[in-house]
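Okay, so here's the structure we're looking at.
Just so it is clear, none of the values below were taken in a lab; they were calculated from the coordinates. Every value quoted in this text rests on a predicted model; they were computed, and no experiment measured them. When we count neighbours, we look across all protein chains shown, and the Cβ atoms used for this are built from the backbone with ideal geometry, even at glycine.
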Amino acid sequence: MKKYLVVDEFALPEGSHAFTRNEIVDAKSATDALLTNMDSMMTNGDAMEEAALSGRLEGTAVGVYELVSGVNELDQIADKN
């Protein structure tokens, strides 16, 4: 297992303010870390995720950093899909 820092960015629809939500996740891969983060937000009633689902905020993952190397592996996840 590796440790990953998953960074989600939430912004108001008009783009005037942005907020970040960070979570450290133990996972086998960056993809697993991202999926674990998404599951955590959905099942734990995360307020920012609820606002994004209702349209009050726009949300997206902006980084999945493997903590030992510091490399953002989000682009590699996107390339695989």
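Helix-only mean residue ellipticity at 222 nm, the chain, DSSP H runs n ≥ 4 weighted -39,500 (n - 2.57), per residue, nearest 500. What is it?
Details: 3 runs with 29 residues, N = 81.
When only DSSP H runs of four or more count, the value is -10500 deg cm²/dmol.
The modelled label-to-label distance between MET38 and GLU23, using points 7 Å beyond Cα along the C-beta direction, is 1.2 nm. For the chain, take the longest principal axis of its alpha carbons; what is the angle in degrees between that and the long axis of helix 30-43, to the nearest 10 within 0 to 90? Here the helix axis deviates by roughly 40 degrees. Between GLN76 and THR60, the distance separating the two model label sites (each 7 Å from Cα on the Cα→Cβ line) works out to 2.2 nm.
Near PRO13: Cβ cut-off under 14 Å, other residues only, Lys/Arg at +1 and Asp/Glu at -1. The net charge is -2.
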